[in-house]
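*Asks:* Dumping the structure here so I can ask a few things about it.
The values are calculated or read from the model by the stated rules, or taken from the named source; none is laboratory data. Quick caveat, the model's predicted, so the values are computed rather than measured. Every residue, glycine as well, gets a Cβ built from its backbone with ideal geometry; the counts of neighbours run over all protein chains shown.
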Amino acid sequence: MHAAATTPRFPWAHQIICLAPLALTLTLIVAFIGNDDDVARTFMQISAEQPALTTAMRLTSRWVPYLFYAAYCIALVRALLTKNRPLLRLTLVFFLAQACFAFLLVRIIKISIGLPRPYAALDGAEPVPFSFNNSDQHSFPSGHTSAAALSVSCTAYIFRNYPLSLLMGLLLALVGFSRIYLIMHHPSDVAAGMCIGLAGNIFIHRICNRRTP
């Protein structure tokens with residue numbers, strides 16, 4: 001009879017370092033600015049007054065997740081060429097987690113809740129559950145943050161290097177902040193996206209490290 005399958009311990013220290021900068025950023029925004037409407041009004045004014053910064057935030061929000069996708073695609077090709085089965089398994093499970101958590105789960109929650117985005121909420125929009133085609137009602141949770149959180153936390157998990165984990169955390173904080181700055185998400189949306197990304201990385205860990213002694 002085989003022994004029960006076991007999974008090595010999840011590296012929580014690196015995950016905490018990776019997620020802490022964004023958590024601190026969200027805490028400071030709420031503490032010093034206020035509720036969702038106050039945050040939206042504040043960044044609406046700042047983004048209008050700082051066009052160069054707004055452009056930089058748009059580029060960050062749009063391209064950082066795709067940079068990680070490109071990096072993992074390169075890793076996938078390398079795994080195929082070198083017949084590196086552990087790397088192949090890791091990259092395939094990474095893309096599976098992105099599809100299941102950062103896309104499918106996020107879309108289901110967005111559509112089911114129908115929370116208006118900050119700019120729409122300022123105009124008086126109310127939640128509209130099961131709003132399939134109206135992206136103005138797809139605020140919660142943040143899909144960009146989910147994808148970025150899963151990518152950076154997975155990268156920190158792979159290398160387990162504390163300076164790199166902190167660098168990944170700062171990059172994630174920049175992505176999450178950009179979504180709030182661009183008035184696309186409330187702080188709570190970004191926080192939920194961060195949690196979904198972490199859940200996706202736990203999924204990767206359990207699939208890639210399951211062993212039968």
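*Asks:* Quick test for you: out of 23, 56, 48, 31, pick the one residue that is exposed (fewer than 11 other Cβ atoms within 10 Å of the Cβ), part of a helix (DSSP H, G or I) and at pLDDT 95 or above.
*Replies:* 31
*Asks:* So, one more: Suppose the filter is touching a residue at least 24 places away in the same chain (Cβ under 8 Å), assigned to a helix (DSSP H, G or I) and among the aromatic types (Phe, Trp, Tyr); does residue 140 pass it?
*Replies:* Answer is no for this residue.
*Asks:* Still on this structure, I have one more. Test of understanding: among 47, 61, which residue is over 19 Å from the mean Cα position of the chain (by Cα), closer than 19 Å to residue 119 by Cβ and of a type in the set (Ser, Thr, Tyr)?
*Replies:* Only one candidate passes the filter, namely 47.
Residues checked against (1) crowded, with 23+ Cβ neighbours inside 10 Å; (2) touching a Gly at 6+ places or on another chain (Cβ under 8 Å):
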{"site": "110", "(1), (2)": "no, yes"}
{"site": "145", "(1), (2)": "yes, yes"}
{"site": "159", "(1), (2)": "no, no"}
{"site": "166", "(1), (2)": "no, no"}
{"site": "169", "(1), (2)": "yes, no"}
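*Asks:* Being within 18 Å of residue 60 (Cα to Cα) and either of a type in the set (D, E, K, R) or crowded, with 24+ Cβ neighbours inside 10 Å (or both) narrows it down to one of 179, 206, so name that one.
*Replies:* Result: 179 is the single residue among 179, 206 that is within 18 Å of residue 60 (Cα to Cα) and either of a type in the set (D, E, K, R) or crowded, with 24+ Cβ neighbours inside 10 Å (or both).
*Asks:* Still on this model: Evaluate the following for residue 149: is it farther than 30 Å from residue 88 by Cα and among the hydrophobic types (A, V, I, L, M, F, W, C)?
*Replies:* no
*Asks:* Still on this structure, please answer the following. May I ask you to verify whether residue 185 is crowded, with 17+ Cβ neighbours inside 10 Å, in contact (Cβ under 8 Å) with a residue 60 or more places away in the chain and not in a helix (DSSP H, G or I)?
*Replies:* Spelling it out, residue 185 is indeed crowded, with 17+ Cβ neighbours inside 10 Å, in contact (Cβ under 8 Å) with a residue 60 or more places away in the chain and not in a helix (DSSP H, G or I).
*Asks:* Of the residues that sit in the stretch 71-102 and are of a type in the set (Ser, Thr, Tyr) and touching a residue at least 12 places away in the same chain (Cβ under 8 Å), which one is nearest to residue 199 (Cα to Cα)?
*Replies:* 91
*Asks:* Now for a different question. Out of the residues in the stretch 74-97 meeting the condition of being more than 17 Å from the chain's Cα centre (by Cα) and closer than 23 Å to residue 107 by Cα, tell me which one is surrounded by the fewest Cβ atoms within 10 Å (Cβ to Cβ).
*Replies:* Checking each candidate, the answer is 92.
*Asks:* Taking the residues in the stretch 91-129 that are outside any helix (DSSP H, G or I) and among the small types (Gly, Ala, Ser) as candidates, determine which candidate is modelled with the highest pLDDT.
*Replies:* Per the criteria, the residue is 114.
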